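Please treat every number below as a calculation from the coordinates, not as lab data. The model shown is predicted, which means the values in this text are computed figures rather than measured ones. Positions of Cβ are generated from backbone atoms using ideal geometry, with glycine treated the same way; all protein chains shown enter the neighbour counts.
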Amino acid sequence: MDPEAVHQTVRAGYGKIAGGGGSCCGPAPACCGSTPVASDALAKHIGYSAAELAALPEGANLGLSCGNPNALAALQPGELVLDLGAGAGFDVFIAGRKVGPTGRAIGVDMTPEMLAKARRNTVTYQQQSGLNNVEFRLGEIEHLPVADRSVDVVISNCVVNLSPDKPQVWREIARVLKPDGRVAVSDLALLQPLPAAVAESVEALVGCVAGAVLVSETERMVRDAGLVDIELNASSTYIDGMVDWQDPLYQKIVAGLPAGAKPSDYLTSLEITARRPVPSLGEPAGRPPSTRATVTLEVYDPAMCCPTGVCGPTVDPALVRFAADIKWLQEQGIAVQRYSLSQNPAAFVENERVKQALMDRGEGALPLLFLDGQVVASGRYPDRDQLTSAVGLPGSEDSLFRPAVAELVALGAAIAANCEPCLKYHYRQGQLLGVSKADMARAVELGAKVKDTPHQSILRLAGRLTGARLGNPEVASAACCGAANAREAEAASPCCG
């Protein structure tokens, strides 16, 4: 389905749950709209306390949770909390009590029926708690109705998997978080792709299953959004518990699995925590991470047992240094993706440029580093200064001597030095860095002019002394020095005379 069709399907399913007219999973579900007893049992099973549940307005817990993001977030008094996909207000009301009268909890949901239910529950919450610190806003989690850099904590409970554009959700999370703000999400994720019959089920979609993605893909999306200190904790407890309770949706999933397989072979409850980095020195404190977050460094490593450089008693100093540099880049807000030939071979096949480099040069092309799709290093790990320059971090912005420029200079030098292997090598490096043939031609022409200048100078001297006619030295010398003719060139610069 296209994105809007997904939104309509999810909105209709959860509108039905909010209205109490049945649910997407069958007559007596525990996953998406259930009886109060079943909903409380589920909430206790995934870590909510009896005291937290007892303090909720009646009808706030619809049994839609797959984790406890409030506990993950460790909320503090005075914080501003944003809940994505707030439903009837379950996590918002719990968060409101934790942040207290000086804090605030905002819930966003795209289903009008859910929003109406949450706002009705707000009256009861205010009466019971004496607090006036929660609100609910209508909106899609891909386009949050919240200002930039305004939120201390973003939470979400089994909702991100419902989005048809999950990378956009994570970008929105990064946008609304304050510098050093944090995110705590409980979600469903895949350990392996679902069978087609399950993945195509509308009930499985609304039940937060068919929309789930692989754990590794979730981590990639979080990094691409510019968030750092990412931690993912997978657990099958929730999934196994739902099967034990004979939940209708999960029984349908079981029926669609291969013989002998169980849902926890495919699905897991995933706890995700991360934070927005603090601006680097020299970067304005109010600047959103838009520029920094869009910069992605991809590293394709050769086959290795571990990327840290420490493998048992063996230590690779170059890898240890590079691992430290990568961590430093991530702390500056640069999204980094690393793929090992031994552990992620599919990534090497899927990237046509990596595949071509391996065909041309074998494993000698590795490591191969791309910055926003452009090659910045091949066959070696760059040092921190080179990485800093490549990604444009403060301190390197005034430098024009980027890797591509260095290869153009080297091409000209290879011509001037009559070095054939040098020419071939730097031509190939220029290709890998995406340098155009036109720019390489200009570098070669300049190198040829520099190389030819002493030759033309000696010819002119020989001509004046002997009267010999030895070609047309004026053309080459004029082109070298920018003068209209050889006489002007000689006056302009010693290199031409």
Checklist entry - ALA303 to LEU465: FRET efficiency via 1/(1 + (r/R0)^6), r the Cβ-Cβ distance, R0 60 Å, to the nearest 0.05? => result 0.40
Checklist outcome for this item: With ALA413 itself left out, Lys, Arg at +1 and Asp, Glu at -1 over residues whose Cβ is under 12 Å from its Cβ give 0
Checklist entry - What is the distance, in nm, between label points placed 7 Å from the Cα along the Cα-to-Cβ direction at SER342 and at ALA234? => result 2.1
Next on the checklist: For ILE141, what residues show an amide H to amide H distance below 5 Å, using hydrogens built from the backbone and excluding near sequence neighbours?
Outcome noted: none
Checklist entry - So how far apart, in nm, are the two label points at LEU257 and GLU445 if each is 7 Å from Cα heading toward Cβ? => result 6.7
Checklist entry - Hey, with R₀ at 60 Å, roughly what FRET efficiency would LEU214 and ILE458 work out to, going by the Cβ-Cβ distance, to 0.05? => result 0.30
Item to check | Which listed pairs, of LYS178/LYS355; LYS117/LYS178; LYS166/LYS437, have C-alpha distances above 32 Å, in listed order | outcome: LYS178/LYS355; LYS166/LYS437
Next on the checklist: Please list, ordered by chain and number, the residues whose modelled amide H lies under 5 Å from the amide H of LEU82; skip anything fewer than 5 residues away on the same chain.
Outcome noted: ILE106, VAL153, VAL154, ILE155
